[in-house]
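**Student:** Before I ask anything, here is the structure I am working with.
Any read-out appearing in this document is the output of simple, stated calculations on the displayed coordinates, not a laboratory observation. For clarity, every value in this text was computed on a predicted model and none was experimentally measured. Glycine also receives a Cβ, built like all others from the backbone with ideal geometry; neighbour counts cover every protein chain displayed.
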Amino acid sequence: MLKYTNSLIQKISFNKTHFYIKRDDLLDVDFSGNKARKLYYFLYNDLKNTNKIISYGSAQSNTLSSLAILAKYKNMKLDFYVNHIPTFLTNKPQGNYKKALENNANIISTKHINYNENLNTYIQKIILKHENNYIFIPEGASCKQAEFGIKILANEIKKWTKTNKINKLKIFLPSGTGTSSLFLQKNLKEFEILTCACVGDDEYLKKQFKMLETNELLHPKIIRLNKKYHFGKLYKEFFEIHNELLKQTKIEFDLLYDSLGWITLEKYIQNNKSLESYDILYIHQGGLLGNESMKARYLHKYQISF
C-alpha cells in the first residue's frame, strides 16, 4: 500500500506578499497533486472482483497518467477514451500521455466513431453495456469517492492551523470540475475556500458543484476575473507568472491550472484590502508532468524558454 505522508506546508513570499503553500506536488513521485487526493479512495480500498478501470478525458490530462499508475498498482487494466490524440503526441509521446503508455494504459480514440452525444454519455450508454467487473471514473475523477482523499487533506489543514495557532485563514485552489474545492469546503467549514473556474465558466462550475452537493452553503466561493480564458489555450501571462513564481519561490507550478490560479488570487488580494489580516494557504495542484508538452507549445508559439 502506497502511503502518503502529510505534505509539507511551506511559507513563501511572492511579489512582496506572504503565502503558505500546501506542497501536494511532493506527495509521491508518480502519484501527486489533486488527482492523487481524489483517487485515494480507489488506491486505499480493496477493489476485489474488479479488473478494469474505465474513464475518459484528454490525452494530455493528469487524470490519464494518474489512473494508469493506479491501475498498474492495483493489477488492473485501464481503458481511457479520448476524442482524439494529437499527431504530435502520436509521433513523439511525452508528458502524461507518455507516462500512461509506459504504465500500459489502453488509450482509445473515438475520432472515427459516429455518435451524437458527449463522451460521457457514449461510454455509459454503449461501452459499459458490454463490460463486466469494472469501475467507471468520470472525467477529472469528479465522483463521490473523491471526498475520501479530500477529507484527509482537510484534516491535515485543520491539524496544521491548530498547531500553528492560525485562526484567520483563506484557502485557495483553482478548479477544473471543482470536485476538490467543493469537498474541501464541505469538510473544512471553519475556513472559506476560494477558487476560480479554469475549464468552463462560473455557471459550469456551479453546475458541477450541485451535481455533488445540493446544499449551496457548502459550496466554495468562486472568484471571477474580468477576462475570459479558454482552457488549454496559450496565454503569455500564464508562462510569465509561471516563470516569476519559479524565480522567486524556487517552486514549479502547473501551467494549466496554477498559472490562472495565481493570476486570479493576486488580483483578488489587490481588490480586497481586508485580506491583509488573513493568512493565505495555496494548495499546489501537482500536474507537473503535463508541463513538458505545455512548455514545448509555448516555446513554439512565443519562441521563449523556461
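**Student:** Scattering from the C-alpha atoms of the stretch 36-141 alone, worked out with Debye: what is log10 I(q)/I(0) at q = 0.10, 0.12, 0.18 1/Å?
**Tutor:** Relative scattering, expressed as log10 I(q)/I(0), comes to -0.26, -0.38, -0.86.
**Student:** Among [x] 73, 47, 32; [y] 70, 36, 35; [z] 57, 46, 35, which one is Cα extents along the principal axes in Å computed from these coordinates?
**Tutor:** Correct label is [z].
**Student:** What FRET efficiency comes out for the pair ASN133/LYS16, r = Cβ-Cβ distance, R0 = 45 Å, nearest 0.05?
**Tutor:** Rounded to the nearest 0.05, the efficiency is 0.20.
**Student:** Among THR177, THR264, THR50, which one shows the biggest mean-square fluctuation in a GNM of the chain, springs joining Cα atoms closer than 10 Å?
**Tutor:** THR50
**Student:** Quick one: compute the contact order of the chain, relative version, from alpha carbon pairs under 8 angstrom and 6+ residues apart, as a percent.
**Tutor:** For the chain, the relative contact order is 21 percent.
**Student:** Continuing with the same structure: In what sequence do PHE88, PHE80, PHE148 fall when counting other Cβ within 10 Å, fewest first? Numbers along the way, then the final one.
**Tutor:** Working: PHE88 13, PHE80 24, PHE148 18.
Final ranking by Cβ density, sparse to dense: PHE88, PHE148, PHE80.
**Student:** How about LYS247: which lysines have a C-alpha closer than 18 Å to its C-alpha, ignoring those fewer than 8 places off in the same chain?
**Tutor:** LYS11, LYS16, LYS236, LYS295
**Student:** Enter the Cα centre distance for the pair the stretch 265-306 and the stretch 175-210, rounded to the nearest angstrom.
**Tutor:** Taking the Cα centre of the stretch 175-210 as reference, the centre of the stretch 265-306 is 18 Å away.
**Student:** What value, in deg cm²/dmol to 500, does the helix sum -39500 (n - 2.57) over DSSP H runs of n ≥ 4 give at 222 nm once divided by the residues of the chain?
**Tutor:** -11500 deg cm²/dmol
**Student:** Compute the relative contact order of the stretch 50-169 as a whole-number percentage, counting only Cα pairs closer than 8 Å that sit 6 or more residues apart in sequence.
**Tutor:** Once normalised by length, the contact order is 31 percent.
**Student:** Looking at the stretch 163-233, what % of the alpha carbon pairs are farther apart than 18 Å?
**Tutor:** Details: 931 of 2485 pairs.
Cα-Cα pairs in the stretch 163-233 separated by more than 18 Å: 37 percent.
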